[in-house]
Amino acid sequence: MAISPIASATTTAANPATTSTIPKSDIDKNTFLKLFTTQLRFQDPLNPMDASSFTTQLAQFSSLEQLYNVNDNLSSMVNAQKSLLTSMSANLIGKQVTMKDGSSGKVTGVSFDGTNTNIMLDSKKSVLFTDIKQISA
């Protein structure tokens, strides 16, 4: 069963029959569960949903929940890796580094802009931590 985007309807005072829809592309697990339970609540008791359709929707909900859990775990891992990278780069202060492009310099500082860890060299050049090829004492 395909899930179509949710749309909210609004009416205007001049023409109450006119509606405009604003598609919502993101659906979270709570919204999915509300839709699913509402569908069950309002189904025709004389013609209930067939078992395969019900099972398919339960599997979709389970998959959606697992994807959210995987996403949360990956976000935690990325944050831990960024923290570790920043800590590791602080240990480079005072050391000589050679970059992938062949340039070199002594590390004088470290900065983190929220996405990248940057190494400040004595030549006032800022380079990415990941561009370091070699570290010397």
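Only the coordinates and a few stated rules stand behind these numbers; no lab work does. Computed from a prediction, not measured in an experiment: that's the story for all the values here. All Cβ positions, glycine included, derive from the backbone under ideal geometry; neighbour counts span all protein chains shown.
Listing for the model above:
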| quantity | calculated |
| --- | --- |
| Added length on full extension, which subtracts the Cα-Cα distance from 0.36 nm per residue, residue 62 to residue 125 | 17.7 nm |
| Per residue Cα convex hull volume in Å³ - calculated over the range 61-112 | 85 Å³ |
| Amide proton proximity set for residue 105, modelled H, under 5 Å, gap of 5+ | 97 |
| Long-range HN-HN contacts of residue 117 with modeled amide H, under 5 Å | 129 |
| Quotient of C-alpha Rg and 2.2 N^0.38 Å, computed over the range 50-137 | 1.80 |
| 3J(HN,Hα) from dihedral phi, the range 107-119, Karplus parametrisation 6.51/-1.76/1.60, rounded to Hz, x for glycine, proline | 6, 10, x, 9, 9, 10, 9, x, 10, 10, 9, 10, 9 |
| Label-point separation in nm, residue 96 to residue 82, each point 7 Å along Cα→Cβ | 3.4 nm |
| Span from the the range 74-97 Cα centroid across to the the range 25-65 one, whole angstrom | 44 Å |
